[in-house]
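Student: Have a look at the structure that comes next, please.
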Amino acid sequence: MGRTVKDVLIHVLENLEEKSFKKFKNKLNDTKIKEGYNKIPRGTLQGADALDTADLILRFYKDRYGIELTRTVLEEIDEKKEAEELQKAITKVTSSTSQEAATGEGHGATSRAQAEETSQRATSEDEEHFVDRHRSKLIARVHLLGPILDDLYQEKLLTSEDCSTVTSKSTAQNQMRELFRYVDSWGNRDKDKFLKSLSDHNAPLIRNLEDDAKCLGLSASAENTITPALHICLLHVKDPAGMVDEEHFVDRRRAALIRQVALVDPILDDLYQNKLLTTEAYARVRSMKTSQDQMRELYRHVHYWGNEDKDLFLQSLRTHMAPLIRNLEEH
């Protein structure tokens, strides 16, 4: 297997003397970067060795701009020889990859498969990813970040310093905004891992976002064209049974349910069993001092569920609070 962009970058950085390598990292932090990219956090970069620095450059700036930026910084710290070596080595890697992809020589079927994979990946990178398309909604609605940060750390998409930077923000929304500063620099494969974690820990919310554009058979690309008027239309679309999709019972009766549901634990058990609450969300709701506080905290999750998930919530309420639900339905 031939050399990769990462191999070249690591080799060049390892060739720098300790003093020059330190200057390189300092200059990299101080250099103005192109719009659309985020700077590597200074604390994360300062403790990184050559391999980790190469990883960070490619993660935050991708192959093409990462190499361009590295060469610029090398020239600015007067390491012009290494900058030239970097350009020569990258040219060879690019040329070799192009020839193998075109001819299939060198690695046979494996090379062709890699070329096809690269082509597919490039195509998918041009499409807007789910987490980008729903960025504002995810920032507004995701409020339990701990398990997500754990997943991203496990996948080596965030360092411990990155996680600390995110959790240092005062609100969940600000934490999500800070997290998206890192997510913005990721490729689709890494964003897929982020989406998987969101699905694992916020399944009802993700299902709700996915269903938003499906009620009228809208494609993902058409989703962003939904106008306020069309949203009003969507609120009155008939379901297969011919019933109008009105405000759900648990939303209409929110205040009464918060005030009058006195036994929350068995309901939480049902929701947890149905995977509507994660372990962390379940524990957080239970930790509230009063049943009213528990229900208020629970409604922070219910608010973002689709009607099918709210139906499961209502079913649990009927099971454990039948007289109350009958009374609310009659009035």
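The values are calculated or read from the model by the stated rules, or taken from the named source; none is laboratory data. What you see is a predicted model; the values in this text were computed from it and never measured. Neighbour counts are summed over all protein chains in view; Cβ atoms, including those assigned to glycine, are modelled from backbone coordinates with ideal geometry. With ligands, DNA and RNA removed, areas are computed over all heavy atoms of the protein, side chains included. Shrake-Rupley method; radii C 1.70, N 1.55, O 1.52, S 1.80 Å.
Student: Regarding residue 246, is this residue farther than 30 Å from residue 129 by Cβ and either at pLDDT below 80 or not hydrophobic (A, V, I, L, M, F, W, C) (or both)?
Tutor: Judged against the criteria, residue 246 is a match.
Student: Keeping to the stretch 160-195, report how many residues are under 13 Å from the mean Cα position of the chain (by Cα) and open to solvent by less than 70 Å² (accessible area, probe 1.4 Å).
Tutor: Of the residues in the stretch 160-195, 16 are under 13 Å from the mean Cα position of the chain (by Cα) and open to solvent by less than 70 Å² (accessible area, probe 1.4 Å).
Student: Just the residues that are of a type in the set (A, V, I, L, M, F, W, C) and more than 12 Å from residue 262 (Cα to Cα), please, taken from the stretch 312-331.
Tutor: 312, 313, 314, 322, 325, 328
Student: Looking only at the stretch 196-220, how many residues end up being within 21 Å of residue 146 (Cα to Cα), of a type outside the set (Lys, Arg) and either at pLDDT below 80 or open to solvent by 70 Å² or more (accessible area, probe 1.4 Å) (or both)?
Tutor: 1
Student: Right, something else. Return a yes/no flag: does the stretch 78-100 have any residue that is at pLDDT 50 or above, under 30 Å from residue 306 (Cβ atoms), open to solvent by 70 Å² or more (accessible area, probe 1.4 Å) and outside any loop (DSSP other than H, G, I, E, B).
Tutor: Looking through the stretch 78-100, none of the residues is at pLDDT 50 or above, under 30 Å from residue 306 (Cβ atoms), open to solvent by 70 Å² or more (accessible area, probe 1.4 Å) and outside any loop (DSSP other than H, G, I, E, B).
Student: Would you confirm whether any residue within the stretch 140-159 is open to solvent by 80 Å² or more (accessible area, probe 1.4 Å) and among the aromatic types (Phe, Trp, Tyr)?
Tutor: yes
A quick yes/no check of all residues on (1) within 16 Å of residue 248 (Cβ to Cβ); (2) outside any helix (DSSP H, G or I):
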site	(1), (2)
275	no, yes
282	no, no
289	no, yes
292	no, no
311	yes, no
315	yes, no
327	no, no
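Student: Would you confirm whether any residue within the stretch 221-238 is within 20 Å of the chain's Cα centre (by Cα), part of a helix (DSSP H, G or I) and either at pLDDT 90 or above or closer than 29 Å to residue 60 by Cβ (or both)?
Tutor: yes
Student: Moving on. Check the stretch 123-139 and report whether any residue there is in a helix (DSSP H, G or I), touching a helix residue (DSSP H, G or I) at 6+ places or on another chain (Cβ under 9 Å), of a type in the set (S, T, N, Q) and modelled with pLDDT of 90 or more.
Tutor: no
Student: With the checklist (1) on the phi > 0 side of the Ramachandran plot; (2) at pLDDT 85 or above in hand, flag the one item residue 36 doesn't pass.
Tutor: Among (1) on the phi > 0 side of the Ramachandran plot; (2) at pLDDT 85 or above, the lone unmet condition for residue 36 is (2).
Student: All but one of (1) open to solvent by less than 70 Å² (accessible area, probe 1.4 Å); (2) part of a loop (DSSP other than H, G, I, E, B); (3) in contact with a Lys or Arg (Cβ under 9 Å, 6 or more places away or on another chain) hold for residue 36; which doesn't?
Tutor: (3)
Student: Another question, then. Do you know which residues across the stretch 296-326 are polar (S, T, N, Q), at pLDDT 90 or above and open to solvent by less than 70 Å² (accessible area, probe 1.4 Å)?
Tutor: 316
Student: If you don't mind, there's one more thing I want to ask. Any residue in the stretch 153-177 that's charged (D, E, K, R): show its pairings with residues that are modelled with pLDDT under 85 at Cβ separation under 7 Å, as long as the two are six or more apart or on different chains.
Tutor: Correct list of pairs: 161/41; 161/43; 161/44; 162/41; 162/44.
Student: Looking only at the stretch 45-57, which residues are assigned to a helix (DSSP H, G or I) and more than 20 Å from the chain's Cα centre (by Cα)?
Tutor: Result: 45, 46, 50, 51, 52, 53, 54.
Student: For the stretch 1-33: of the residues being farther than 18 Å from residue 65 by Cα and among the charged types (D, E, K, R), which is surrounded by the fewest Cβ atoms within 10 Å (Cβ to Cβ)?
Tutor: Looking at residues that are farther than 18 Å from residue 65 by Cα and among the charged types (D, E, K, R), I get 18.
Student: Have a look at 251, 293 and point out the one that is surrounded by fewer than 15 Cβ atoms within 10 Å (Cβ to Cβ) and at pLDDT 90 or above.
Tutor: 293
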